[in-house]
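Inspection log for the structure reproduced underneath, given as structure tokens.
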Amino acid sequence: DVKVTQSSRYLVKRTGEKVFLECVQDMDHENMFWYRQDPGLGLRLIYFSYDVKMKEKGDIPEGYSVSREKKERFSLILESASTNQTSMYLCASSLRRSSYNEQFFGPGTRLTVL
Amino acid sequence: GQQVMQIPQYQHVQEGEDFTTYCNSSTTLSNIQWYKQRPGGHPVFLIQLVKSGEVKKQKRLTFQFGEAKKNSSLHITATQTTDVGTYFCAAGNQAGTALIFGKGTTLSVSS
């Protein structure tokens, strides 16, 4: 079974702090994704990556950056956290760089920015 | 940008009643995937539809892809309390590299 793990289930940070959210998958998937989930807004794609050191912007990349130094690990970075970034963050992976591949999600990180 | 509209946002049913959620797009879709997210959980892949007019069944769940490949539906027959959760449709983006998710339909079931 594919396993996608995220470094924290819950995180509380202060406005202006730099925040790192880590995601690791164990099935040698090429593609990894970061989404945020907010009530009534569904899942919105922030960034995705199809290879080491490669990244593509999703629908809402502003205020975020990403890093993929190793194939299995994809990090989401909030350079200067703001209260409007309080949300549930979900990481996902898929086998290849194709929208036809199913995505496997991690358990999510609920981030609160005070 | 490309959008996928999903309705209704919420649906409450009595156990045993049927349930349907709809997904619509103004553009032709390459593929549709459906996911289920249980309360407190994460989205889990259910199925993918690719062909025009395609119908797939999983026990009490029936998935359809429209003839014009602009809409899709998920129908649950005789709902059970285990069906509660949020159902998302997701369509391939124009580049074929990622999914565009609908906002989801949250189903609640009372016994």
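A few comments on the model shown:
- The residues of the range B:38-88 that are open to solvent by 60 Å² or more (accessible area, probe 1.4 Å), within 11 Å of another protein chain (Cβ to nearest Cβ) and in a loop (DSSP other than H, G, I, E, B), listed by number, are B:40, B:42.
- Single residue of the range B:95-111 satisfying the filter (among the aliphatic types (A, V, I, L, M) and part of a loop (DSSP other than H, G, I, E, B)) that is farthest from the other protein chains (Cβ to nearest Cβ): B:95
- Restricting the search to strands (runs of 3 or more DSSP E) fully inside the range A:1-109 and requiring at least 1 residues that are over 19 Å from residue B:88 (Cα atoms) gives A:4-6, A:10-13, A:19-25, A:31-38, A:42-49, A:65-70, A:73-78.
- On inspection, residue A:35 does not qualify as out of contact with any Gly (no Cβ under 6 Å at 6 or more places or on another chain), within 14 Å of chain B (Cβ to nearest Cβ), open to solvent by 40 Å² or more (accessible area, probe 1.4 Å) and in contact (Cβ under 8 Å) with a residue 40 or more places away in the chain.
- Here the condition is being in contact (Cβ under 8 Å) with a residue 60 or more places away in the chain and of a type in the set (Asp, Glu); of B:54, B:15, B:67, it holds for B:15 alone.
The values are calculated or read from the model by the stated rules, or taken from the named source; none is laboratory data. Note that the coordinates shown come from a computational prediction; the quantities given were computed from them, not determined experimentally. Counting neighbours? That spans all protein chains shown, and the Cβs are built from the backbone with ideal geometry, glycine included. Note: accessible area is taken over every heavy atom of the protein model, side chains too, but ligands, DNA and RNA are not part of it. Shrake-Rupley method; radii C 1.70, N 1.55, O 1.52, S 1.80 Å.
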